[in-house]
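A quick write-up on the structure given underneath.
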Amino acid sequence: MMKIVQMTEKQLNIEALRKAGEILQRGGLVAFPTETVYGLGGNALDPEASKKIYAAKGRPSDNPLIVHIAKIEDLLAIVSEIPEKAERLKKAYWPGPLTMIFHKSDKVPYETTGGLDSVAVRFPSNRIAKALIQQAGGYLAAPSANISGRPSPTLAVHVQEDLGDRIDMIIDGGQVDIGLESTIVDFTEDSPIVLRPGYLDRSMLEQVLGEVRIDHAILSADSRVRSKAPGMRYKHYAPQADLVVVKGLEKDIPGKIRELVHEKIDAGYKTGIICTSETKGEYPEGIICSIGCRADEESIARHLYEVLRKFDNDGVEYIYSESFYTPRIGEAIMNRLLKAAGHEIIEI
Ligand code: TXA
Ligand code: MG
């Protein structure tokens, strides 16, 4: 029987964490909260555990896993060198929503890195995650705890929906803080490259590193441009509904969406709208879902995946979304939203 245990960062359940640690040390799988999204943890140094992670998620085995650590010193054992710029970035932003890619040491099995000679490493700040990693022996491989191709989980119930019957335990730490996966920076080439945008935005990276390169595949709507992060290449979450993002001046967007929604409802389709608390009063029909508040861009990031899951569960057939080019994390929010929409955009 799969176990779900609840705890908060303020009040850790040490007994449950010890049990979870034992499960992981024996090669089992435990889902746990981080500040970004829920992760599906397995011992990163145990090739069999990594294979189980791929099987549980239905993930292609050439898509590498991130190794999570909970002590800065533990980095040394799993990488072969730490470039000076990475050293600076880790001082500035670890623990936190940042993943860095290094050349790996022999300690890390190829099963964990999807056959690559590099390893992605993250030191999360969530206290539950840190305690669990330590109980498990220091190295947890953890992709997002969703079935491959579904939105990343931001609540324990999302993990249960996707993986409830495939894993040994879920630690429910409530809703995550950030709601988008970590920023990934690759340090295996001459200069650092951002492979996945996240809560740590470009300017926060550039404050520490000087100018950074962005993987051209992130910026391109053309899926033929190959990303260096295997996971960014796969067709990502596509909702069951046809999702279209409407782009243009903020003041013009609700009117355009009203028109599009009206057409679909007239034709008999179940139609949803992704909007914000500022605009939700502007939609007289359709299933309206406010994702958050424009004045608080973090609320938009936190609810994005939850809203997409909700529409899937409701059997909605068409979704029209406002666009959210918010000042700081808008780049990361729109990266995920446009992928979910298969880059279907209406420009007004
Ligand atoms: O916030 C996060 O990073 C969450 C939480 C659980 O920590 N984890 C997460 O893992 O998002 P996952 O597996 O869903 O995404 C990892 C991404 C994939 O796109 C993968 O291809 C890329 O990181 N990646 C991992 N190792 C890599 C490597 N050695 N070289 C290039 N890309 C790598
Ligand atoms: Mg993922």
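Of note:
- When ALA301, ALA229 are checked against the criterion of being in contact with a strand residue (DSSP E or B) (Cβ under 6 Å, 6 or more places away or on another chain) and under 30 Å from ASP62 (Cβ atoms), a single residue qualifies: ALA229.
- Residue check, VAL185 within 11 Å of ligand 1 (Cβ to nearest atom) and not in a loop (DSSP other than H, G, I, E, B): yes
- Which listed residue is out of contact with any strand residue (DSSP E or B) (no Cβ under 8 Å at 6 or more places or on another chain) and in contact (Cβ under 8 Å) with a residue 24 or more places away in the chain, from GLY286, GLY330: GLY330
- Test: residue in the stretch 103-111 that is surrounded by fewer than 21 Cβ atoms within 10 Å (Cβ to Cβ), in a loop (DSSP other than H, G, I, E, B), within 12 Å of ligand 1 (Cβ to nearest atom) and of a type outside the set (D, E, K, R): yes
- For the stretch 27-55, filtered to residues that are of a type in the set (Gly, Ala, Ser) and within 12 Å of SER144 (Cβ to Cβ), the residue that is nearest to the chain's Cα centre (by Cα) is GLY39.
- Whenever a residue of the stretch 82-103 is over 14 Å from VAL119 (Cα atoms), its partners that are part of a helix (DSSP H, G or I) and more than 14 Å from ligand 1 (Cβ to nearest atom), lying with C-beta atoms within less than 6 angstrom and at least six residues away or across chains, give the pairs LYS85/LEU209; ARG88/VAL208; LEU89/VAL208; ALA92/VAL208.
For every residue, the table says whether it meets (1) away from ligand 2 (no atom under 13 Å from the Cβ); (2) closer than 25 Å to ARG309 by Cα; (3) in contact with a strand residue (DSSP E or B) (Cβ under 7 Å, 6 or more places away or on another chain).
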residue: SER125; (1), (2), (3): yes, no, no
residue: SER152; (1), (2), (3): no, yes, yes
residue: VAL159; (1), (2), (3): no, yes, yes
residue: MET169; (1), (2), (3): yes, yes, yes
residue: GLY174; (1), (2), (3): yes, yes, no
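- In a residue-by-residue description of the stretch 145-158, the property of being more than 22 Å from ARG336 (Cα to Cα) and surrounded by 15 or more Cβ atoms within 10 Å (Cβ to Cβ) applies to no position.
- In the stretch 204-227, residue nearest to ligand 2 (Cβ to nearest atom) [restricted to those that are within 28 Å of THR276 (Cβ to Cβ) and modelled with pLDDT under 95]: ILE218
- Residue in the stretch 156-165 that is closer than 13 Å to GLY39 by Cα and part of a loop (DSSP other than H, G, I, E, B) present: no
- Here GLU9 does not fit the description of being in contact with a Gly (Cβ under 7 Å, 6 or more places away or on another chain) and loosely packed, with under 15 Cβ neighbours inside 10 Å.
- The set of residues from the stretch 48-77 being within 23 Å of ARG127 (Cβ to Cβ) and not hydrophobic (A, V, I, L, M, F, W, C) comprises HIS68, LYS71, GLU73, ASP74.
- The set of residues in the stretch 54-68 that are under 23 Å from VAL79 (Cβ atoms) and surrounded by 24 or more Cβ atoms within 10 Å (Cβ to Cβ) comprises PRO64, LEU65, ILE66, VAL67, HIS68.
- Boolean, THR99 is away from ligand 2 (no atom under 15 Å from the Cβ), polar (S, T, N, Q) and out of contact with any helix residue (DSSP H, G or I) (no Cβ under 8 Å at 6 or more places or on another chain): no
- Boolean, ALA86 is among the hydrophobic types (A, V, I, L, M, F, W, C), out of contact with any Phe, Trp or Tyr (no Cβ under 8 Å at 6 or more places or on another chain) and away from ligand 2 (no atom under 16 Å from the Cβ): no
- Hits in the stretch 146-203 (condition: of a type in the set (Val, Ile, Thr), over 15 Å from the mean Cα position of the chain (by Cα) and more than 22 Å from VAL119 (Cβ to Cβ)): VAL157, ILE167, ILE170, ILE171
The values are calculated or read from the model by the stated rules, or taken from the named source; none is laboratory data. All values reported here derive from a predicted model rather than from experimental measurement. All Cβ positions, glycine included, derive from the backbone under ideal geometry; neighbour counts span all protein chains shown.
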